[in-house]
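Presented below is the structure to which this report refers.
The numbers here are math on the coordinates, done by the rules we state, and not lab data. Treat the numbers as computed from the prediction; the structure is a model and nothing was measured. Cβ atoms come from the backbone with ideal geometry, glycine included; neighbour counts cover every protein chain shown.
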Amino acid sequence: MQFQTVEPSYTSKDGCRLVWKGVDEDDIDVVILNKNELERLVEIFKKNSMGEVELEDQSSYIRVNSDVTQFTLTNHRLLEAKTSEIQEQVLEYAKVPHEPQYVHIATKEFYPSVWIRDDEKQSKDVKTNPKQSLIQAILSSEPEKIRQDLLPTDLFRVFATRRSTRKFEKTKVEDWKVDKILSAADVAPTAGNFQGFQVFLIKNEKTKEALVEAANKQPYVNAPVVLVFCMDPSRVKLKFPPQILEKFSLQDATIAASFSLLAASGVGLSTIWIGMFDEEKVKTILGTDLRPSSILCIGYTDKKKPPKSRRKLKELIKVIE
Ligand SMILES: Cc1cc2nc3c(=O)[nH]c(=O)nc-3n(C[C@H](O)[C@H](O)[C@H](O)COP(=O)(O)O)c2cc1C
């Protein structure tokens, strides 16, 4: 793995992403730094000194030595960069203010978005403690702080307890949770794997207010985390009529939003799915030609309500024998 570039972050406008590339085109590693982590690294580089930066998960860290800078990441291989190279790039990057970015999820973010399983450790854990379930074994190799938040992440528990909210606390949603939510959208199935959708992560307050207006004045659209899922049929390179590609991209965007919704519930957040909005107004606000399919508003709720009831299963399911 060779260190390549510093790119703008999408979870923190003052943070950054450090990108490594391997031999294959899609062999990419990315380390996401939030504002504080980047500032601390810049401080060390400016002084031409050595030092350590602890990362948000509290168990990964960056060690700056005179020749090599090492990234010791939990559950991930060690990443290295020549200190002179990374120093130059990071200092250059930090000179220029970076505007909040809309996100186009394209590459995989391995840290901290996707946790890399340590199979050896996992099988050892399961062998030494046969009563421990696989999911417990997987969770037990997460850093303590993240593990605690992920414990209730059993998918069926999430299904059974999820409830929409229209009242969010002002509490900031942690960057690593936003990353999990975005990476869930990234791994959703899509037609032909062409990922015919785009996600806009709205961080700008004025943009959020404009979206409230475009969404029939629904005030909760101004939530701590706002994602707009848009259809991008031009990405779907399949030989079908345009209306089919349109349908595929609507489905791609909708499944991705559902994955994000479930991921948000899994990390202890609440959501409200917004389908009622003026498409043209949203397009103008985002400055895009892509049709929005849904807005997902996410944050903490103080009032955990029980799930709503549904119709009887026998009414929902018609069995064809
Ligand atoms: C396609 C779709 C569109 C929706 N649009 C809105 C909306 O514009 N405003 C809103 O307050 N809720 C909206 N919702 C949320 C639903 O009202 C909510 O999911 C439903 O009442 C079931 O409640 P639950 O999610 O707590 O189970 C929408 C949900 C879906 C799936």
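Counting every other Cβ atom within 10 Å of each residue's Cβ, L313, L79, L182, L33 order from fewest to most as L313, L79, L182, L33. Looking at the square roots a ≥ b ≥ c of the eigenvalues of the Cα gyration tensor of segment 152-299, which shape do they give, rounded for a/c under 1.5, prolate if a/b is larger than b/c, or oblate? Because a/c hits 1.5 or more and a/b fails to exceed b/c, segment 152-299 counts as oblate. For the set K47/K95; K35/K177; K167/K203; K208/K304; K167/K312; K177/K283, the pairs lying more than 22 angstrom apart at their alpha carbons are K208/K304; K167/K312; K177/K283. Modelled spin labels at T5 and R311, positioned 7 Å past Cα toward Cβ, are 5.1 nm from each other.
In units of the compact-protein estimate 2.2 N^0.38 Å, segment 2-95 shows a Cα radius of gyration of 0.99.
Please give the Cα centre distance for segment 213-276 versus segment 62-90, rounded to the nearest Å. What the calculation gives is 36 Å, centre to centre.
Couplings 3J(HN,Hα) for segment 281-295, derived from phi with the Karplus relation 6.51 cos²θ - 1.76 cosθ + 1.60 (θ = phi - 60°), are 5, 5, 4, 5, 4, 7, x, 9, 8, 6, 6, x, 9, 7, 10 Hz, where x marks Gly and Pro.
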